[in-house]
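To keep things clear, I will list the structure first and then write my remarks on it.
The values are calculated or read from the model by the stated rules, or taken from the named source; none is laboratory data. All of these numbers come straight from a predicted model, not from anything done at the bench. Here Cβ is always computed from backbone atoms with ideal geometry, including for glycine, and neighbour counts include all displayed protein chains. Areas reflect the complete protein model, heavy atoms only, side chains present, ligands, DNA and RNA absent. Shrake-Rupley method; radii C 1.70, N 1.55, O 1.52, S 1.80 Å.
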Amino acid sequence: MTVTETRLGGASSALGPPVVDRLRRPLHDVRISVTDRCNFRCTYCMPREVFGPDYQFLRRDEILSFEEISRLAALFARLGARKFRITGGEPLLRKRIDRLVKMLSGIEGADLALTTNGVLLPDQAEALAVAGLERVTISLDSLEDHVHRQMGDTTAPVDSVLAGISAAERAGLTPIKINTVVRRDCNESAILDLVRHFRGSGHIVRFIEFMDVGMTNGWSLGEVVPADEILARIGEVYPIEPIDANYPGEVARRYRLLDGSGEFGIVASVTRPFCGGCTRARLSTDGQLFTCLFASQGLDLRGPLRADADDDELLAIIAGRWQSRNDRYSELRSKATVEIPRIEMSYIGG
Ligand code: SAM
Ligand code: SF4
Ligand code: SF4
């Protein structure tokens, strides 16, 4: 009996019950990286000393085509995936990304969003919405222009990101999530600035603890601003209370402002790991399947895909990998785990 028959109740079912891993976690989310290139050089993600003019990005023929990505996405959906996130690198650098959005939006029951640094949104938001994109997450580390430029190592002004947020709003790609990486001695003042700025807008700021993802960003525990501190800083000014997760396995802990003016989230991968509820698979730009953000190695799907593997064969490969998964890096984080080689965020997709 094939994987299709056992798990999915026959090849005709578009969406099947989830496969589960060794810790009983279902496959629910897939983050798809569509490019390893970026127009920013955020110091915590793609430091310019490493990702400089000599850096070898993937060649065009190494990168999955839109057709290849959508075929794999449909197979992930048949194994239970419901949330698809297009990411990178900077996904809006990939030519005609709206075409991929259109193809993915055809997957029945799929929730589709895209994560971007926002500066290319004014030109693309409308086309993305027309193609079927539901929402965007926009990264913004500070409202202060010099802090934003410094953390992003970019000449793009903070106003260009704010223009991207407005364009997404006009196109109806809402509610917008704003991702803010908090790094000690870099942008701590952004915490209150951003809560204040986005109160009443309907957008949701999510503060992310600086993570030791990849090997190039010079991470140290001392530069992590813990979730408890972020919460205390906000709580000193605005009365807040925790609210329930939108769904099991949501990575951000949610809080609401008691005056009803909005909510924010905190992603505390370092101080409050959430591996127990981690239901995310990641597909790299060149078609490697990763089952953890901190993995050293992926499983090649591009090889079989280009060797004409049929759907059942691909389903068996993906399901087999997920069923053997026991990743829980953040729960095990220690001096020893920090030494293990980890793949870069810009390649695997954040
Ligand atoms: N370029 C797009 C962007 O910046 O939104 C999408 C890709 S980026 C890798 C996805 C997310 O990962 C961003 O919100 C970014 O802030 C976050 N990120 C990157 N490096 C990080 C790190 N070391 N710790 C925490 N978050 C990180
Ligand atoms: Fe580029 Fe996003 Fe990484 Fe910043 S976080 S360097 S915008 S991929
Ligand atoms: Fe998931 Fe790995 Fe992050 Fe744990 S460390 S939450 S398993 S991606």
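Test of understanding: among Leu93, Leu112, which residue is touching a helix residue (DSSP H, G or I) at 6+ places or on another chain (Cβ under 9 Å) and modelled with pLDDT of 95 or more? Explain how you work it out, then say what you get.
Details: Leu93 fails: touching a helix residue (DSSP H, G or I) at 6+ places or on another chain (Cβ under 9 Å).
That would be Leu112, the only listed residue that is touching a helix residue (DSSP H, G or I) at 6+ places or on another chain (Cβ under 9 Å) and modelled with pLDDT of 95 or more.
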All positions within the range 39-71 that are without any contact (Cβ under 8 Å) to a residue 40 or more places away in the chain and under 28 Å from Gly303 (Cα atoms): Asp54, Tyr55, Gln56, Phe57, Arg59, Arg60, Asp61, Ser65, Phe66, Glu67, Ser70
Residue under evaluation Leu293, criteria (1) away from ligand 2 (no atom under 16 Å from the Cβ); (2) under 21 Å from Arg82 (Cα atoms); (3) in contact with a Lys or Arg (Cβ under 8 Å, 6 or more places away or on another chain), criterion not met: (1)
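Might you check whether a residue that is within 15 Å of ligand 1 (Cβ to nearest atom) and within 19 Å of the chain's Cα centre (by Cα) occurs anywhere in the range 296-305? Steps first, answer last, please.
Applying the first criterion (within 15 Å of ligand 1 (Cβ to nearest atom)) to the range 296-305 yields none.
Taking every residue of the range 296-305 in turn, none turns out to be within 15 Å of ligand 1 (Cβ to nearest atom) and within 19 Å of the chain's Cα centre (by Cα).
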Selection from the range 82-118 of residues that are over 15 Å from the mean Cα position of the chain (by Cα) and not in a helix (DSSP H, G or I): Arg94, Lys95, Arg96, Gly106, Ile107, Glu108, Gly109, Ala110
Residues of the range 119-142 satisfying the condition of being open to solvent by 40 Å² or more (accessible area, probe 1.4 Å) and part of a loop (DSSP other than H, G, I, E, B): Leu120, Glu134
Sole exception among (1) surrounded by 15 or more Cβ atoms within 10 Å (Cβ to Cβ); (2) out of contact with any helix residue (DSSP H, G or I) (no Cβ under 9 Å at 6 or more places or on another chain); (3) at pLDDT 95 or above for Asp259, by number: (1)
Residue match in the range 93-107 (condition: touching a residue at least 12 places away in the same chain (Cβ under 8 Å), polar (S, T, N, Q) and touching a Leu at 6+ places or on another chain (Cβ under 8 Å)): yes
Identity of the residue in the range 314-350, at pLDDT 75 or above and open to solvent by 60 Å² or more (accessible area, probe 1.4 Å), that ends up nearest to Arg59 (Cα to Cα): Arg321
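Considering only the range 249-266, I want to know if a residue exists there that is within 13 Å of ligand 3 (Cβ to nearest atom) and more than 29 Å from Cys186 (Cα to Cα).
Checking the range 249-266: at least one residue is within 13 Å of ligand 3 (Cβ to nearest atom) and more than 29 Å from Cys186 (Cα to Cα).
Condition check ((1) within 30 Å of Leu75 (Cα to Cα); (2) within 12 Å of ligand 1 (Cβ to nearest atom); (3) of a type in the set (Phe, Trp, Tyr)) across all residues:
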site: Ser166; (1), (2), (3): no, no, no
site: Thr180; (1), (2), (3): no, yes, no
site: Tyr238; (1), (2), (3): no, no, yes
site: Arg254; (1), (2), (3): no, no, no
site: Leu258; (1), (2), (3): no, no, no
site: Ser261; (1), (2), (3): no, no, no
site: Gly265; (1), (2), (3): no, no, no
site: Cys278; (1), (2), (3): yes, no, no
site: Arg282; (1), (2), (3): yes, yes, no
Residues that are surrounded by fewer than 23 Cβ atoms within 10 Å (Cβ to Cβ) and near ligand 3 (Cβ under 10 Å from one of its atoms), drawn from the range 282-292: Thr291, Cys292
Matching residues, the range 148-202, being in a loop (DSSP other than H, G, I, E, B), within 16 Å of ligand 2 (Cβ to nearest atom), open to solvent by 10 Å² or more (accessible area, probe 1.4 Å) and of a type outside the set (Gly, Ala, Ser): Asp153, Thr154, Thr155, Pro157, Cys186
So Ile165, is it among the aliphatic types (A, V, I, L, M) and in contact with a Gly (Cβ under 8 Å, 6 or more places away or on another chain): yes
Qualifying residue in the range 52-62 (condition: small (Gly, Ala, Ser) and buried (at least 16 other Cβ atoms within 10 Å of the Cβ)): no
The range 75-92: number of residues that are touching a residue at least 40 places away in the same chain (Cβ under 8 Å) and closer than 29 Å to Phe51 by Cβ: 10
Qualifying residue in the range 80-95 (condition: of a type in the set (A, V, I, L, M) and more than 15 Å from ligand 1 (Cβ to nearest atom)): yes
